[in-house]
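Please read the structure below before turning to the comments.
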Amino acid sequence: MKGVNSSDPHSLFSDAGLFGQLKKALVERMLQAELNHHLEQQRGATTPSRNHKNGSSKKTVLTTETRLALDIPRDRDGSFEPQLIAKHQRRLPGFDDKVISLYARGLPVREIQGT
């Protein structure tokens, strides 16, 4: 695994370690789900929408202890307003604590990502 030193257990919790990779994957998956929901709502409206996914943009967000370099998904119309990390928001307070509490409760990594 990239960035993890098997002889140093603290490297698991570093930005490049397992915990950092998990946080990044979790946030990006949640943002993708928000975009999918947004597009489904537009398709269900009375007037048909031709809005689709349109790649992503890079954004660095500060969590309690680390920086996350994220790929924020976007749509063609520019009408997508993420709720997890709003436009122009640069801080994500308390996120680390929430992920650690899920892990401490015994949830496997796949279930944490799914959450």
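The values are calculated or read from the model by the stated rules, or taken from the named source; none is laboratory data. Keep in mind that this is a model prediction, so the values were computed, not measured. FYI the Cβ positions are ideal-geometry reconstructions off the backbone, even for glycines, and counts take in every protein chain you see.
Laid out as a table, the results:
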quantity: Failed criterion for Asp77 (all others in (1) under 14 Å from the mean Cα position of the chain (by Cα); (2) at pLDDT 80 or above hold); calculated: (1)
quantity: Residue match in region 38-57 (condition: aliphatic (A, V, I, L, M) and modelled with pLDDT of 90 or more); calculated: yes
quantity: Residue match in region 1-20 (condition: at pLDDT 85 or above, surrounded by 14 or more Cβ atoms within 10 Å (Cβ to Cβ) and either of a type in the set (S, T, N, Q) or in a loop (DSSP other than H, G, I, E, B) (or both)); calculated: no
quantity: Enumeration of residues in region 68-88 that are surrounded by 12 or more Cβ atoms within 10 Å (Cβ to Cβ) and outside any strand (DSSP E or B); calculated: Arg76, Asp77, Ser79, Phe80, Pro82, Leu84, Ile85
